[in-house]
Amino acid sequence: MKGRDYCVVPTVDPPGSASASPLSPSSPAAVPKKKMPQRKWEVHPGRNKFHCNGRIMMARQTGIFYFTVALIVVTCGLFFGFDCPYLAVNLTPAIPVIGIVLFVFTMSTLLRTSFSDPGVIPRATPDEAADIERQIEVPNGQPSPSYRPPPRQKEVVVNGQTIKLKYCFTCKIFRPPRASHCSICDNCVERFDHHCPWVGNCVGKRNYRYFYMFILSLALLCVFLFACVITHIIMRSQKANFLKAMQQSPASVLEAVVCFFSVWSILGLAGFHTYLTTSNQTTNEDIKGSWSSKRGRDNYNPYSQGGIVKNCFAVLCGPTTPSLLDRRGLVEPDPTPQQYTMQMNGTGVRLGNYGAIPTQTTTVQPPAQPQQDLDDNHQKPASKTTESPETAKSNNTTDSGYSGYQGNTATTPNETASTPGALPPINGAESVASIVSSPAILPTLAPPPAGANPPVTPVQSTSPPPRSVSEGDALGDDYNKGMSNFGSI
């Protein structure tokens, strides 16, 4: 229809429609994804593997651990499938019960040893490492022949015995007594015993008791299986010959072979750790001979409780210390410049990046405009003050260190910028002679020294160019034509 204006209203497609723009605010691609915070186990510097959101901690090399689990499970499975039914009927029903109890206890101690924190000591923070290095480094960086830097070890006295604390260059800490750095896991471990590939973890202060119970229970399980398998074969051979008995139960033969070659090493390992437990030593200390007699001087173990029973209670029944690693804790995000830019109590102090020196900043305000007084439609010239170059330079320099800011200045047609050494504006009431004779201009117009060419400064006129006669006539004709039209109306 005529006389009506129409406008096009833009339509917004719904987010789920196929025509929705990928850059529209409603599209899923335009919505920024929120970054999930990291757990500390995800940034752990050691060579470890974590499972179940950091609850399970193991070494990276776990192939032998899986072989150990498979060997125990397969051997016990063959025993419960082929030997237990015959022995429970012909000998006693207690054999399956004893076998199940030993199997469950062995597997539980194995998993507890493998999945727990052995006592890893956290590495030093950058501030702690810098403080230690500051204590060790040469003063003022100028080594002298007579200066001897402090050794990278400390000495403490434990029960009358001097213990040396060595410095770990990887963890940047002085290791506590009985601690050592594991080269496989790349961690310092409290009361470090050894790294056991069969359990896939280090053996230290927090899991040694479970490791010892695993070795002891595995030795008992291995002896029990071997004895039951041999009994089964002998009972079958009484009804037939020995070869037919082996043919009737080939699984028993396989179990006997596995147990025969395993029981000796397991029994020897259990006996060795029983000796260490009763003397309250570690494998690392026993191999190094830390408490053996050296150079004819008596050297005793300061950690011994004075008896076999007391040492066993101290190792196996003592309280379990909590883990020093906050594995499931959240990692604090690195500070960003935006997070550290703030106003503090309105003082204008702005903090820079992390570790930077705070700088003082001020707000620069432009110079005030000259006040104009209108009286009887006549404009009075604004009073001006001249500044020396030193004063102008100090006023144009801010606390932030940036100099040369001139602000937002504006000049009217009747005034010009007050530059040191420039001529002031000339009004109709003043003469050139009075301006030249003023004290502010006399130094500028001083005669140059002899032999020097005086500088020539061109003077530019700021007055608008005069109009031509033709332009004035054209403007007058337009004015008269407009007035005549107005009168006719």
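Normalised size of segment 51-135, defined as Cα radius of gyration per 2.2 N^0.38 Å with N residues, equals 1.84.
Could you tell me whether segment 152-212 comes out rounded, prolate or oblate from its Cα gyration tensor? Rule is a ≥ b ≥ c as square roots of the eigenvalues, rounded for a/c under 1.5, then prolate if a/b exceeds b/c, otherwise oblate. Verdict is oblate for segment 152-212.
Coupling constants for segment 204-209 follow from the phi torsions by the Karplus curve (6.51 cos²θ - 1.76 cosθ + 1.60, θ = phi - 60°), and in residue order they are x, 5, 8, 10, 5, 4 Hz; glycine and proline get x. Kindly state, to the nearest 0.05, the FRET efficiency for E42 paired with V89, given R0 = 51 Å and r defined as their beta-carbon distance. Plugging the Cβ-Cβ distance into 1/(1 + (r/R0)^6) gives 0.40.
Charge tally for C317 (other residues, Cβ to Cβ under 15 Å; Lys, Arg +1; Asp, Glu -1): +4. Quick one: which of K164/K288; K40/K154; K166/K310; K49/K310; K154/K310; K40/K164 span more than 26 angstrom between C-alpha atoms? Among K164/K288; K40/K154; K166/K310; K49/K310; K154/K310; K40/K164, the Cα-Cα distance tops 26 Å for K40/K154; K166/K310; K49/K310; K154/K310; K40/K164. Backbone geometry of segment 72-87 corresponds, through the Karplus equation with coefficients 6.51, -1.76 and 1.60 at θ = phi - 60°, to 3J(HN,Hα) couplings of 5, 5, 5, 5, 5, x, 5, 5, 6, x, 10, 9, 4, x, 5, 5 Hz, x marking Gly and Pro.
A cut-off of 5 Å between modelled amide H atoms, ignoring neighbours fewer than 5 places along the same chain, links L165 with K154, E155, V156. Normalised Debye scattering of segment 207-278 at q = 0.16 Å⁻¹ gives log10 I(q)/I(0) of -0.61, counting only Cα atoms as equal scatterers and leaving out solvent.
Placing a pseudo-label 7 Å from each Cα along the Cα-to-Cβ vector at R55 and M246 gives an inter-label distance of 4.8 nm.
By the Kirkwood approach, averaging reciprocal distances over each pair of separate Cα atoms, segment 44-202 gets a hydrodynamic radius of 19.7 Å. Phi-derived couplings, Karplus 6.51 cos²θ - 1.76 cosθ + 1.60 at θ = phi - 60°, listed residue by residue for segment 101-113: 5, 5, 5, 5, 5, 5, 5, 5, 5, 5, 5, 5, 5 Hz, with x used for Gly and Pro.
Can you run the Rg to Rh ratio on segment 172-306? Use alpha carbon positions and the Kirkwood inverse-distance Rh.
Numbers: Rg = 21.2 Å, Rh = 18.0 Å.
Here Rg/Rh amounts to 1.18.
In the context of the full set of protein chains, segment 199-250 has a per residue accessible area of 44 Å² (1.4 Å probe).
The values are calculated or read from the model by the stated rules, or taken from the named source; none is laboratory data. Quick caveat, the model's predicted, so the values are computed rather than measured. So basically every Cβ, Gly included, is an ideal-geometry build from the backbone, and we count neighbours across all protein chains shown. Areas reflect the complete protein model, heavy atoms only, side chains present, ligands, DNA and RNA absent. Shrake-Rupley method; radii C 1.70, N 1.55, O 1.52, S 1.80 Å.
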